[in-house]
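Working notes for the structure below.
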Amino acid sequence: MLHKEARELLVEGYKSTYDAKGSAKAYSVSKWTVYRLAEQKKKP
């Protein structure tokens, strides 16, 4: 489980590169977790 700050950093990293696999590997999560967190960040 990632802390809020780590989640935000993960999403920001993903948004700058759009490399879900690389972002997932850097944070030891699945690429689907990256997609899910990015989608949650879009919603208000």
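If I filter the stretch 6-14 for residues that are open to solvent by less than 100 Å² (accessible area, probe 1.4 Å), of a type in the set (K, R), in a helix (DSSP H, G or I) and free of Cβ contacts under 8 Å to residues at least 24 places away in the same chain, do I get at least one hit?
no
Name the residues in the stretch 22-39 that are without any contact (Cβ under 8 Å) to a residue 24 or more places away in the chain and either within 10 Å of the chain's Cα centre (by Cα) or surrounded by 11 or more Cβ atoms within 10 Å (Cβ to Cβ) (or both), would you? Answer for the stretch 22-39, where residues must be without any contact (Cβ under 8 Å) to a residue 24 or more places away in the chain and either within 10 Å of the chain's Cα centre (by Cα) or surrounded by 11 or more Cβ atoms within 10 Å (Cβ to Cβ) (or both): G22, S23, A24, K25, A26, S30, K31, W32, T33, Y35, R36, E39. Every condition in (1) in contact with a helix residue (DSSP H, G or I) (Cβ under 8 Å, 6 or more places away or on another chain); (2) part of a helix (DSSP H, G or I) is met by L2 except one, and the failing one is (2).
The values are calculated or read from the model by the stated rules, or taken from the named source; none is laboratory data. Keep in mind the model is a prediction, meaning the values are calculated, not measured. Please note: Cβ atoms are built from the backbone with ideal geometry, for glycine as well, and neighbour counts cover all protein chains shown. Only protein heavy atoms, including side chains, enter the accessible area calculation; ligands, DNA and RNA are left aside. Shrake-Rupley method; radii C 1.70, N 1.55, O 1.52, S 1.80 Å.
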